[in-house]
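Single-structure report; data block below.
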Amino acid sequence: MSDAHDEHESAIKTPKQLIVAILAGFLVPIIAIVLLVQFVSNDKKVGAGSSALTPEATAARISPVADQGFTFKDASGPKTLQAGETVYKTICAACHDAGAAGSPKFGDAGAWGPRIAQGYDKLVANAIGGIRAMPAKGGNPDLDDIEVARAVVHMANAGGAKFKEPEVKAAAPAAASAEASAK
């Protein structure tokens, strides 16, 4: 036979080395698991003398998320119309501040001049119905026509127009009579 069979030797030569290797094989993974558990569960622990256990802190932790900065509207209540500047800042500014998709930039008299020349009614009709890349009512169908008209006046006046802000028409007589009959 060949001598190649005799060349295979183990790194463990004594019983003491065997015991150390077996212990290391068990202890190293256990220590690694313990350290990982400590790392994962290591967050701020509340202790005595901390202000985290006060009734106010507990109430703040368990308060509903919906109570933080949200105001609920009564859907059946009367609608409050927004000012032109408010509508512009919340809806229109997304495109008209940057001039996206060819929209005239806010305050750019050169871009607004030809549009202003078309007249107030045409500008408002385009804003309500949409034109080219602009969706109807700037993409917010919940806006009232008066709110859109106010936003158009705000933007056009910043571009050099002298449009008067539209006024809200008085409530219809049918609504007033329905209210009187409900009483």
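The values are calculated or read from the model by the stated rules, or taken from the named source; none is laboratory data. Worth saying up front: this structure is predicted, and the values here are computed from it rather than measured. For neighbour counting, all protein chains shown are included, and Cβ atoms are generated from backbone atoms with ideal geometry for every residue, glycine included. Please note that ligands, DNA and RNA were not included when accessible areas were found on the heavy atoms of the full protein model with its side chains. Shrake-Rupley method; radii C 1.70, N 1.55, O 1.52, S 1.80 Å.
Evaluate the following for Asn140: is it of a type in the set (S, T, N, Q) and in contact (Cβ under 8 Å) with a residue 40 or more places away in the chain? Against the criterion (of a type in the set (S, T, N, Q) and in contact (Cβ under 8 Å) with a residue 40 or more places away in the chain), Asn140 qualifies. Would you call Gln38 modelled with pLDDT of 80 or more, surrounded by fewer than 10 Cβ atoms within 10 Å (Cβ to Cβ) and farther than 30 Å from Val148 by Cβ? For Gln38, the condition - modelled with pLDDT of 80 or more, surrounded by fewer than 10 Cβ atoms within 10 Å (Cβ to Cβ) and farther than 30 Å from Val148 by Cβ - is met. If you go through the stretch 105-136 and pick out every residue that is in contact (Cβ under 8 Å) with a residue 12 or more places away in the chain, part of a helix (DSSP H, G or I) and either farther than 15 Å from Ala156 by Cα or of a type in the set (A, V, I, L, M, F, W, C) (or both), you end up with 8. Quick check: is even one residue across the stretch 83-104 in a loop (DSSP other than H, G, I, E, B) and modelled with pLDDT of 85 or more? For the stretch 83-104, residues in a loop (DSSP other than H, G, I, E, B) and modelled with pLDDT of 85 or more: present.
Within this structure, Met155 passes the test of being modelled with pLDDT of 85 or more and closer than 20 Å to Thr86 by Cα. Only one entry of Ala151, Ala133, Ala161 meets the criterion of being within 17 Å of Gly99 (Cβ to Cβ), hydrophobic (A, V, I, L, M, F, W, C) and buried (at least 18 other Cβ atoms within 10 Å of the Cβ), and that entry is Ala151. Can you find a residue in the stretch 72-82 that is open to solvent by less than 70 Å² (accessible area, probe 1.4 Å) and part of a helix (DSSP H, G or I)? No, every residue in the stretch 72-82 fails to be open to solvent by less than 70 Å² (accessible area, probe 1.4 Å) and part of a helix (DSSP H, G or I). Of note, Phe72 satisfies the criterion of being modelled with pLDDT under 80, in contact with a helix residue (DSSP H, G or I) (Cβ under 9 Å, 6 or more places away or on another chain) and not small (Gly, Ala, Ser).
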